[in-house]
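A short write-up of the structure that comes next.
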Amino acid sequence: MTQTSIAEAIQSAHREIMRDDERVILLGEDVEAGGVFRITNGLLDEFGPHRVFDTPLSEAGFTGAAIGAAIGGMRPIVEIQFVDFILPALNQLISEAAKMRYRSLGTWTVPLVVRAPYGGGVHGGLYHSQSMEALFAHVPGLKVVMPATPTDAQALLHSAVQDPDPVIFLEHKRSYRLIREEIPEPLPSVAIGQAALRRDGQDIAIIATGLALHHSLAAAQQLQAESIDCLVLDLRTVLPLDKPAILNAARHTGKVLIVHEDHLTGGIGGEVAAIIAAEAFEHLDAPIQRLAGPDVPAMGYHPALEQAFLPNPDTIAQAARSLAAY
Amino acid sequence: MATLTMPQLGESVTEGTVIRWLKQPNDQVALDDPLVEIDTEKVNVEIPSPFAGTLSRIMVEEGQTVPIGTPLAEIQGTGEPAGAEQPSGDRPAQAPTAAAASAPPQEPMPQTAQPPTGSARGAATPKLSPVVARLAAQHDIDPATLRGSGAGGRVTKKDMLAAIEARSAPPSSEASPAVTDAPRPPTERPAEDRAVPETPMRRAIADHMTRSRRTAAHAWLVMETDVTALVAARSARKDAFRQSEGVALTYLAFIAHAVARALQQFPRLNATWQDGQLFERRDINLGFAVDVPDGLVVPVVHQADRMSIADLARAIADIAARARGGGLKLHEIRGGTFTIDNTGAFGTALSAPIIHQPQVAILTTEAIIKRPVVIPSTDGAAGGTDALAIRAMMNLCLSFDHRALDGALAARFTGRVKKIIEAIGPDTPIH
């Protein structure tokens, strides 16, 4: 039984996808040398310099070039070194990639995948720790996925490359080598837009993404000993959200705790809460609760600041306890 | 000061009995110290202290049975979790469940200062959550008449569900015993008859069975299964198995294995019907009916579909032994998604079991009986001869909830179980 990490799973997905489809190219900063997180290691050797190549430090430039290539029939994968660096490319992504299908009456689409590591917990400081899913989840025309497990990371990258429209593929950098599992063969297919029930329970639904999912599962385990029975739902995709799964979880338990690492205000948890409030109101037995990164400008470099920012199993368990007692 | 209340220790549990206090007044209590032993219908559990401090008052004596949410004891908090101090005076003591430590949430939850709702109706109207308001309207129950187990005495969804359940329990549902304490009229009894003292388990079984019969649309089918090959496969290996594993290689383990396989293919049978909604369950958690003195317990083998036949033999032997010895843990009686009742162990040929709520189906495995069976000729069309043979036959009986599924699906599922059992042979892997 091989335990595969998320980093290894994403690398395998690249190999499988690039072997299957010659239109797939990979570009980004230092991808030839393997990238900061070694995800693209060895891909240059296998696929050659015409399909795997370094770009200048110009996210707007190379993302724009990839959009053009996608419109022209290629299937580019862009690696952004850290999601923190994606901001210069927002104009390209929001104003061009997301709108191309609409603006051309469906004549052109942008089958582009933009991969980017996000999240804290690796002493990355202000410029290497941010979560930005909510920024992109606000943009119709994009899809935003955040796999939390190796199997999902591998399967969802396949789905993302096959998707005819632009997909932002967010990878929690702390989880790259922390989260491991045996990946089933054959690899299951995971559709974009489907949440996964990771744990069934009666008392509280914890809805989470990325690394916070694993913290939530650990919290649920703790709480089992206290007879608090938690359901844990992994969103997997934050645009589009899996409304039926969210509503089922809320209706089943009547109490909902949403957990994410991104800042609280304007975070994806607000959208999830709004869906539940609108469509599962009569099933609620407590106010919907959110546990998220604080509304401070950035995650500090100092370990104490970093820990204070991040949700962890204890803070999640505490929030769930309060909700159970309500 | 923190108050420990009778916790909700199961899906349909409405009350509990204090068996034994493990600490005495003025004892120091650390967080998670075993504090009190509670008997709730089917298990005895030790409740860990959710607070640290000094046990200042015991409010329910040993042997007393009280509803969920009733205060059991008070703990004077020296080392209460940070921030648990009550604001002076105006806020009533929180009534957390035993499992809920009293530290505040990261973002304070709206909690209003209001008297416990067990008090007069005329007092400030307690806040109702949307689900409680809806259930109250649907079932015509005034939440103000209930004792709330939530924060500040709030009536929770669980309180409402318990009241609905309790109200519909007796055959005549005019009065609502959950909300009125009117004594029942004594029944005339001839002196020579023995009045059987009611045990929590007997009452729980009575409530559960009548509730299941009343709510689920029971339908029933039986399917004959040829277990000749299974009998041979088992007897060839049972001695070696007992020697190496220390437990018996039972027919039940083979059958449970087949059921788990079949449930993977028929998720509708691996489902629960709760709060008006049907849920197909991801995990396959098999419950096994185990008879105990004057009662019945249904311990659960979780994720049975991940187990081999040998695993199941061990797991079933383990939970059955502990069900009889009283050593089941709480999670071992919760979370079942399908139940198997090995009635054949007592020689029955057909049984019509009652569904274990909130599941949607229950299977019985009947006695294995050798019978003459007509074996159809394999080339019947060409005029071959049918033969008569002595075969070991067993009936599989399935009760299913017709609200959740229909007869065709139930029959296909049972047929699948039958096929898997009949395909068992000398080479079937058991590990």
Exercise. Among (1) within 14 Å of chain A (Cβ to nearest Cβ); (2) part of a strand (DSSP E or B); (3) polar (S, T, N, Q), which single condition is B:GLN357 missing?
Worked result: (2)
For this session: Read through the list (1) assigned to a strand (DSSP E or B); (2) within 14 Å of chain B (Cβ to nearest Cβ); (3) buried (at least 24 other Cβ atoms within 10 Å of the Cβ), then give the number of the only condition that A:LEU197 fails.
Result: (3)
Problem set entry | Members of the stretch A:107-125 found to be at pLDDT 95 or above, closer than 21 Å to A:ILE10 by Cβ and among the aliphatic types (A, V, I, L, M), listed by number | A:LEU112, A:VAL113, A:VAL114, A:ALA116
Problem set entry | Members of the stretch A:20-75 that are under 23 Å from A:THR109 (Cα atoms) and either modelled with pLDDT under 95 or among the acidic types (Asp, Glu) (or both) | A:ASP20, A:ASP21, A:GLU22, A:GLU59
Exercise. When you go through (1) within 14 Å of chain B (Cβ to nearest Cβ); (2) over 30 Å from B:SER49 (Cα atoms); (3) of a type in the set (Val, Ile, Thr) one by one for A:THR253, which number turns out not to apply?
Worked result: (2)
Problem set entry | Whichever residue in the stretch A:256-282 is more than 28 Å from A:GLY120 (Cβ to Cβ) and within 10 Å of another protein chain (Cβ to nearest Cβ) and, among such residues, is surrounded by the fewest Cβ atoms within 10 Å (Cβ to Cβ) | A:PHE281
Exercise. Can you name the residue in the stretch A:211-229 that is touching a Pro at 6+ places or on another chain (Cβ under 7 Å) and assigned to a helix (DSSP H, G or I) and is also nearest to the other protein chains (Cβ to nearest Cβ) among such residues?
Worked result: A:GLN222
Exercise. Is at least one residue of the stretch B:283-291 surrounded by 15 or more Cβ atoms within 10 Å (Cβ to Cβ), touching a residue at least 12 places away in the same chain (Cβ under 8 Å), more than 14 Å from chain A (Cβ to nearest Cβ) and touching an Asp or Glu at 6+ places or on another chain (Cβ under 7 Å)?
Worked result: yes
For this session: Within the stretch B:213-247, track down each residue that is farther than 29 Å from B:PRO372 by Cβ and surrounded by 15 or more Cβ atoms within 10 Å (Cβ to Cβ).
Result: B:THR215, B:ALA216, B:HIS218, B:ALA219, B:PHE241, B:GLU245, B:VAL247
Problem set entry | Positions within the stretch A:16-35 being touching an Asp or Glu at 6+ places or on another chain (Cβ under 7 Å) and surrounded by fewer than 16 Cβ atoms within 10 Å (Cβ to Cβ), in sequence order | A:ASP30
Exercise. In the stretch B:136-151, what count of residues is obtained for those that are at the interface with chain A (Cβ under 9 Å from one of its Cβ atoms) and either of a type in the set (Phe, Trp, Tyr) or in a helix (DSSP H, G or I) (or both)?
Worked result: 1
For this session: Check the stretch A:101-113 and report whether any residue there is surrounded by 19 or more Cβ atoms within 10 Å (Cβ to Cβ) and touching a Ser or Thr at 6+ places or on another chain (Cβ under 7 Å).
Result: no
Exercise. Does B:GLY347 meet the test of being without any contact (Cβ under 8 Å) to a residue 24 or more places away in the chain, of a type outside the set (S, T, N, Q) and away from chain A (no Cβ under 14 Å)?
Worked result: yes
Problem set entry | Unmet requirement for B:THR199, which otherwise passes all of (1) closer than 30 Å to B:HIS139 by Cα; (2) in contact (Cβ under 8 Å) with a residue 24 or more places away in the chain; (3) within 14 Å of chain A (Cβ to nearest Cβ) | (3)
Problem set entry | Condition met for A:ASP285 (part of a loop (DSSP other than H, G, I, E, B), at the interface with chain B (Cβ under 7 Å from one of its Cβ atoms) and touching a residue at least 24 places away in the same chain (Cβ under 8 Å)) | yes
For this session: Working only within the stretch B:295-308, note down all residues that are away from chain A (no Cβ under 14 Å) and either hydroxyl-bearing (Ser, Thr, Tyr) or farther than 19 Å from B:PRO353 by Cβ (or both).
Result: B:ASP305, B:MET307, B:SER308
Problem set entry | Counted residues, the stretch B:218-247 - those being modelled with pLDDT under 95 and either within 27 Å of the chain's Cα centre (by Cα) or farther than 25 Å from B:PRO426 by Cα (or both) | 1
For this session: Kindly list, by first and then second residue, each pair from a residue in the stretch A:29-44 that is without any contact (Cβ under 8 Å) to a residue 12 or more places away in the chain to a residue that is surrounded by 14 or more Cβ atoms within 10 Å (Cβ to Cβ), limited to pairs with Cβ atoms under 6 Å and residues at least 6 apart or on different chains.
Result: A:GLY34/A:THR40; A:GLY34/A:ASN41
Seminar exercise, completed: Counting only strands (runs of 3 or more DSSP E) wholly inside the stretch B:1-93, the ones holding at least 2 residues that are of a type in the set (A, V, I, L, M) and modelled with pLDDT under 80 are B:43-48
Seminar exercise, completed: Considering the stretch B:306-328, residues that are touching an Asp or Glu at 6+ places or on another chain (Cβ under 8 Å) and not small (Gly, Ala, Ser), and then whichever is nearest to B:ALA217 (Cα to Cα), we arrive at B:ILE319
Exercise. Among (1) small (Gly, Ala, Ser); (2) in contact with a strand residue (DSSP E or B) (Cβ under 8 Å, 6 or more places away or on another chain); (3) in contact (Cβ under 8 Å) with a residue 24 or more places away in the chain, which single condition is A:ALA218 missing?
Worked result: (2)
For this session: Kindly check whether there is at least one residue in the stretch B:273-282 that is under 26 Å from B:THR348 (Cβ atoms) and either within 14 Å of another protein chain (Cβ to nearest Cβ) or not charged (D, E, K, R) (or both).
Result: no
For this session: For the stretch B:309-334, enumerate the residues that are among the small types (Gly, Ala, Ser), surrounded by fewer than 20 Cβ atoms within 10 Å (Cβ to Cβ) and either within 14 Å of chain A (Cβ to nearest Cβ) or assigned to a helix (DSSP H, G or I) (or both).
Result: B:ALA310, B:ALA317, B:ALA321, B:GLY325
Problem set entry | Residue match in the stretch A:130-140 (condition: part of a helix (DSSP H, G or I) and either among the hydroxyl-bearing types (Ser, Thr, Tyr) or farther than 22 Å from A:GLU29 by Cβ (or both)) | yes
Exercise. Do the conditions hold for B:THR272, that is, is it within 15 Å of the chain's Cα centre (by Cα), touching a residue at least 40 places away in the same chain (Cβ under 8 Å), over 30 Å from A:ALA280 (Cα atoms) and part of a strand (DSSP E or B)?
Worked result: no
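The values are calculated or read from the model by the stated rules, or taken from the named source; none is laboratory data. Please read all numbers here as calculations on a predicted model, not as lab measurements. Ideal geometry is used to build each Cβ from the backbone, glycine not excepted, and the neighbour counts take in all protein chains shown.
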